[in-house]
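Engineer: Questions regarding the structure given below will be posed in turn.
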Amino acid sequence: MELITLAEVQDRIEQLKNQDLYIHLEMTTGAYAAHHDSSKHPAANFITNATIRYSNGSISGNGPYRVGLKMEQGWIYTEGLTHFEQSETGRLIMAGHDTQGKLVVALQLSPEPF
């Protein structure tokens with residue numbers, strides 16, 4: 001993965017709009033961290049292979065970045081993104097890593113299931 005470049009990610013978001021896509025969205029504050037430090041509040045969420053279609057999408061911020069995707073019936077919003085990767089299969093993979101390099105948030109879009 002490489003550090004997010006706003007123009008590259010925005011271009012890819014534009015290329016994927018108005019088509020049926022599969023989404024993978026996850027967030028964790030360290031769901032397993034409480035095993036090592038009881039003062040940590042574990043939280044996580046995860047959705048994968050749900051289908052979406054968005055009509056408008058944008059990335060903004062100064063880093064970490066946020067992405068908003070406008071759908072017919074609502075929004076998808078992800079904040080804390082730091083890295084991205086484009087695959088040969090057309091997937092756009094974005095992730096946010098903390099200062100220790102651990103995954104905090106991920107937003108992935110793909111024309112094929114994950």
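Engineer: Around GLY68, with a cut-off of 13 angstrom between Cβ atoms, what is the net charge of the other residues, counting Lys and Arg +1 and Asp and Glu -1?
Structural biologist: Here the charged neighbours net out to +2.
Engineer: May I ask you to give the solvent-accessible area per residue for the chain, in square angstrom, as obtained with a 1.4 angstrom probe?
Structural biologist: 60
Engineer: Among ARG91, ARG53, ARG12, ARG66, what's the order by accessible area (1.4 angstrom probe), most exposed first?
Structural biologist: Reading off the accessible areas and sorting them downward yields ARG53, ARG66, ARG91, ARG12.
Engineer: Quick check on the chain: helices-only [θ] at 222 nm, where DSSP H runs of length 4 and up contribute -39,500 (n - 2.57) each and the sum goes over total residues. Nearest 500, please.
Structural biologist: Value at 222 nm, helices only, nearest 500: -3000 deg cm²/dmol.
Engineer: Then there's this: Please state the charge dipole magnitude for the chain, taken about the Cα centre, from unit charges on C-beta atoms (+1 on K and R, -1 on D and E), reported in debye and rounded to the nearest 20.
Structural biologist: It comes to approximately 260 debye.
Engineer: Label region 49-114 by shape, choosing from rounded, prolate and oblate, from the square roots a ≥ b ≥ c of the eigenvalues of the Cα gyration tensor; if a/c is under 1.5 it is rounded, and otherwise prolate applies when a/b is larger than b/c, oblate when it is not.
Structural biologist: Oblate.
Engineer: Which angle between 0 and 90 degrees, to the nearest 10, do you get for helix 6-16 versus the longest principal axis of the chain when only C-alpha atoms count?
Structural biologist: Result, in degrees: 60.
Engineer: If you count only protein heavy atoms and use a 1.4 Å probe, how large is the accessible surface of SER55, to the nearest 10 Å²?
Structural biologist: Only protein atoms counted, so the area is about 60 Å².
Engineer: While we're here: Carbon and sulfur together cover what percent of the accessible area of the chain at a 1.4 Å probe radius?
Structural biologist: 50
The values are calculated or read from the model by the stated rules, or taken from the named source; none is laboratory data. All of these numbers come straight from a predicted model, not from anything done at the bench. Because the Cβ atoms are built from the backbone with ideal geometry, glycine has one as well, and the counts that use them run over all protein chains shown. What goes into the accessible areas is simple: the full protein's heavy atoms, side chains included, and nothing from ligands, DNA or RNA. Shrake-Rupley method; radii C 1.70, N 1.55, O 1.52, S 1.80 Å.
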